[in-house]
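Visitor: Before we start, here is the structure in question, set down as structure tokens.
The values are calculated or read from the model by the stated rules, or taken from the named source; none is laboratory data. Not measured: the values here are computed from a predicted model. Don't worry about glycine lacking a Cβ; one is built from the backbone with ideal geometry, like all the others, and counts go over all protein chains shown. These accessible areas exclude ligands, DNA and RNA; they are computed on the full protein's heavy atoms, side chains included. Shrake-Rupley method; radii C 1.70, N 1.55, O 1.52, S 1.80 Å.
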Amino acid sequence: SPIVSLQRVSKTFANATVALKDMTLDINSGEFVSLLGPSGCGKSTALRIIAGLSSPTAGRLVWPDARPGAQPGAQDHAISFVFQEPTLMPWTTVFDNVHLPLKLKDQSADASRKAVMEALEMVGLERFATSYPRELSGGMKMRVSIARALVTKPRLLLMDEPFAALDEITRFRLNNDLLRLWQEFGWTVIFVTHSVFESVYLSNRIVVMAARPGRVVADLAVDAPYPRD
Ligand code: ADP
Ligand code: ADP
């Protein structure tokens, strides 16, 4: 069964903007799904609704495997969200930034420490655990924010144009890192982008959206058109 099903999900804002109209989509385990489309087509709105940060005005979300009574969302660590800005706390170290989501979790200090270092290793920043965000480049800060999203081992990783603020070469490197991590660990990812390049290069499924009203216009399976090794 899918991790989450969107069933005719619509969102109309108070000012009558129809940000999303009848979006129907199953997200299956292990998929790397891109939501691709121009600005204003409802990509972020869809992601925020899946994350539980916003509620649909019509339609519904179904989480077939959720624990009875649980409200899947960022608060119970089923989902992690990576935003366009790394949003790190500047006054504390890389280690503490990545450790933050674990503070809400009931696990030993040793287990938390190990989880943080593993997450930092995944993104190649284990040597920077005691650095402060201001000492890092933009690409490294984004890596820290990815490590912070992964440290809880989420069932679903949501990324909202995570690399949009970075220069092209850094962005390309991070695309490669993300692809390698996904191939190794097989997470389920929903990746919002308006880059055709990123969607084709990274994902195995591309959901194309259009604006006014925001809606799905194509849902494509992508079988690695370029060699990936
Ligand atoms: P995208 O992420 O594809 O750029 P968004 O989901 O951010 O698109 O926005 C979809 C549409 O909804 C746009 O027309 C946007 O201006 C509008 N919108 C987004 N958030 C709000 C809001 N809080 N109130 C009113 N309109 C909004
Ligand atoms: P909910 O579904 O929980 O009511 P919304 O999706 O309506 O949340 O709102 C998402 C975010 O957009 C909130 O942070 C809210 O403050 C902001 N917001 C809501 N309406 C508007 C608006 N008309 N213009 C700008 N921002 C808005």
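Visitor: Do we have ALA115 as more than 16 Å from ligand 1 (Cβ to nearest atom) and either open to solvent by less than 50 Å² (accessible area, probe 1.4 Å) or not aromatic (Phe, Trp, Tyr) (or both) here?
Guide: In short, yes.
Visitor: Further question on the same structure: Could you say whether any residue in the range 144-154 is of a type outside the set (D, E, K, R), at pLDDT below 95, within 21 Å of PHE172 (Cβ to Cβ) and outside any helix (DSSP H, G or I)?
Guide: no
Visitor: Just to be sure, is ALA164 open to solvent by 10 Å² or more (accessible area, probe 1.4 Å) and within 28 Å of THR92 (Cβ to Cβ)?
Guide: yes
Visitor: Please give the number of the condition ALA51 fails out of (1) out of contact with any helix residue (DSSP H, G or I) (no Cβ under 8 Å at 6 or more places or on another chain); (2) in contact (Cβ under 8 Å) with a residue 24 or more places away in the chain.
Guide: If we test ALA51 against (1) out of contact with any helix residue (DSSP H, G or I) (no Cβ under 8 Å at 6 or more places or on another chain); (2) in contact (Cβ under 8 Å) with a residue 24 or more places away in the chain, just (1) comes out false.
Visitor: Out of the residues in the range 6-60 meeting the condition of being of a type in the set (Ser, Thr, Tyr) and in contact with a Leu (Cβ under 7 Å, 6 or more places away or on another chain), tell me which one is nearest to ligand 2 (Cβ to nearest atom).
Guide: Residue satisfying both the conditions and the ranking: THR45.
Visitor: So which residues in the range 169-205 are farther than 14 Å from ILE146 by Cα, of a type in the set (A, V, I, L, M) and within 15 Å of the chain's Cα centre (by Cα)?
Guide: The answer is VAL192, LEU202.
Visitor: Shifting gears a bit: When the residues of the range 76-112 are filtered to those that are closer than 25 Å to ARG173 by Cβ and of a type in the set (Ser, Thr, Tyr), which remaining residue is most open to solvent (accessible area, probe 1.4 Å)?
Guide: THR87
Visitor: Can you tell which of ARG60, ARG127 is open to solvent by 70 Å² or more (accessible area, probe 1.4 Å), charged (D, E, K, R) and within 22 Å of ARG171 (Cα to Cα)?
Guide: Being open to solvent by 70 Å² or more (accessible area, probe 1.4 Å), charged (D, E, K, R) and within 22 Å of ARG171 (Cα to Cα) holds for just one of ARG60, ARG127, which is ARG127.
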